[in-house]
1. Name the one entry in Arg9, Arg28 that is out of contact with any strand residue (DSSP E or B) (no Cβ under 9 Å at 6 or more places or on another chain) and either at negative phi or modelled with pLDDT of 95 or more (or both).
2. Hey, can you tell me all the residues within the range 103-126 that are within 17 Å of Gly87 (Cα to Cα) and buried (at least 19 other Cβ atoms within 10 Å of the Cβ)?
3. Looking at the range 301-319, which of its residues are among the polar types (S, T, N, Q) and exposed (fewer than 14 other Cβ atoms within 10 Å of the Cβ)?
4. Give me the pairs: first residue in the range 69-85 and of a type outside the set (Asp, Glu), second residue assigned to a loop (DSSP other than H, G, I, E, B) and open to solvent by 50 Å² or more (accessible area, probe 1.4 Å), beta-carbon distance under 7 Å, and six or more apart or on different chains, which are they?
5. Determine if the range 17-29 includes at least one residue that is open to solvent by 60 Å² or more (accessible area, probe 1.4 Å), within 14 Å of Gln122 (Cα to Cα) and in a loop (DSSP other than H, G, I, E, B).
6. Determine which single condition Glu136 fails, assuming it passes every other condition in (1) open to solvent by less than 70 Å² (accessible area, probe 1.4 Å); (2) modelled with pLDDT under 95; (3) out of contact with any Lys or Arg (no Cβ under 9 Å at 6 or more places or on another chain).
7. In the range 329-346, what residues are open to solvent by less than 100 Å² (accessible area, probe 1.4 Å) and either within 21 Å of Pro359 (Cα to Cα) or in a loop (DSSP other than H, G, I, E, B) (or both)?
8. Just for the range 205-228: of the residues that are touching a Gly at 6+ places or on another chain (Cβ under 9 Å), outside any loop (DSSP other than H, G, I, E, B) and of a type outside the set (Asp, Glu), which one is surrounded by the fewest Cβ atoms within 10 Å (Cβ to Cβ)?
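The values are calculated or read from the model by the stated rules, or taken from the named source; none is laboratory data. What you see is a predicted model; the values in this text were computed from it and never measured. For neighbour counting, all protein chains shown are included, and Cβ atoms are generated from backbone atoms with ideal geometry for every residue, glycine included. Note: accessible area is taken over every heavy atom of the protein model, side chains too, but ligands, DNA and RNA are not part of it. Shrake-Rupley method; radii C 1.70, N 1.55, O 1.52, S 1.80 Å.
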Amino acid sequence: MEDINELIRQRLNKLEALKAKGIEPYGRRFEKSCSIKELVEDFEENKEVSVAGRITALRLHGKSAFLDLKDYTGKVQIYLKEDTVAGDFFKEIFPSFDIGDIIGVKGQLFKTRTGEVTINVQEATVLSKGLRPLPEKWHGLKDIEIRYRQRYLDLVMNEEVRKVFQIRSRVITFIRDYLDSLGYLEVETPMMQPIPGGAIARPFKTHHNALGIDLYLRIAPELYLKRLLVGGFDKVYEINRNFRNEGLSRKHNPEFTMLEVYASYCDYKDMMRLTEDMICKIAEGLFGKREIPRGDTAISLEGPWDRISFYSALKQATGIDLRGVKDIRKVAKDLGVEIKPEDLDMDILNNIFEKKVEPKLTCATFIVDYPAIFSPLAKRKQDDPELVERFELYIAGQEIANAYSELNDPIEQRRRFEEALEGRKEATSNEKVDSGVNIDSGVNIDSGVNIDGDFLRALEYGMPPAGGLGIGIDRLIMVLTGQDSIRDVILFPQLKPEA
């Protein structure tokens, strides 16, 4: 700590030295002619350029110096010589330079004897004096907490991290372009809701003083997007932020990004085709082919993707036909799957699937035909009413997407909500919970029982048959970039406060 403090003190002295010479250490607008990547790619001998960036290396050679300058697009070498740079640069300004400072330079391009593109600097301007030294080396997982807490430092030091978030931005842009080209309308729905619905999750609760009511940060936008189908918008989507007041893990962050898509007069098979086509085209745009790199190998996305029923996948993984099993708790115990006393049969069945099936789903696979009790917003299969028209997409052992043929029968929907509510009330009665526990899609317990009556009223006016799709953007980026933790694809993940 003393060494760091001494380095900071030295930099503060340099800062004061600049000020004493009348030089502003935190500069103003600087006109750039191009990015560093552009000047390297479009190199022309003696071309005049003006760029800005951060000093990442500094090598002094008597009355000249070579520096590495980096911006968000790349790195370039710059050459400073006492009799070339305007004014008394070497006497007045250069002694105050440190690695990490942000500067602007103007000069001419040339190549060194080794062929490295270099700027022969005529003018140099201090734009931001760094007071803290950058790490000399970056030790990856050894500094994992610092990386997440000080993402700005992570981005400065780690080019691979920057690439992940550049890919994330490209993917979201592609999704928008793709859906817009198919005639979908991008919309926005409330992030504060009186009754959180659309998923099984614990919401964050807040209070609106002017209205005098409690509200919840949304756990999903589904019920509002389907209201828009009632209103006559046939094809809508939202790239939305959702909030769930639950634990953190490598797959879960309390705040996350989802894509939700709804199309009238469609079903889950249409959503399956859309999902496969969109993800394949994303891969083509990123990697030039329908596959996702995985070190020395790759995950092929060539279609058609596998389709396996929920119960068939469980039987393949466990050797047990779990449909209709009476003592699911004993089965889970025999399989070594942990369960809680308050878990319902559906929770236990889902836990078995997560532990025994998910890790084996490396290739793109649609798991279809889920139990109806799992999906109170999905339409039942005509030939097997105990199952619903639903799929979940898995790639690299990760759940990426969830979709179904939307239930549009208001009477059936009300009954399904009530069944879901009754099934959950006993499970939560002995739990110590904060007020505001979401029980199921469209159902909420909070000092009493609430069902989203307005959503049911909307269905009573008539909602067209529709297909709906949700894709976890964060998990999709994890798969596309080979990251093991959701924190590595979220710029500022939630963390415990620093001690």
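1. Arg9
2. If the condition is that a residue be within 17 Å of Gly87 (Cα to Cα) and buried (at least 19 other Cβ atoms within 10 Å of the Cβ), then Ile103, Gly104, Val105, Lys106, Gly107, Val121, Ala124, Val126 are the ones that fit.
3. Answer for the range 301-319, where residues must be among the polar types (S, T, N, Q) and exposed (fewer than 14 other Cβ atoms within 10 Å of the Cβ): just Gln316.
4. Short answer, once both residue conditions are applied: Gln77/Glu116; Lys81/Lys63.
5. Within the range 17-29 (the criterion being open to solvent by 60 Å² or more (accessible area, probe 1.4 Å), within 14 Å of Gln122 (Cα to Cα) and in a loop (DSSP other than H, G, I, E, B)), the answer is no, since none of the residues qualifies.
6. Against the list (1) open to solvent by less than 70 Å² (accessible area, probe 1.4 Å); (2) modelled with pLDDT under 95; (3) out of contact with any Lys or Arg (no Cβ under 9 Å at 6 or more places or on another chain), Glu136 comes up short only on (1).
7. Selection gives Val331, Ala332, Leu335, Gly336, Val337, Ile339, Glu342, Asp343, Leu344, Met346.
8. Lys205
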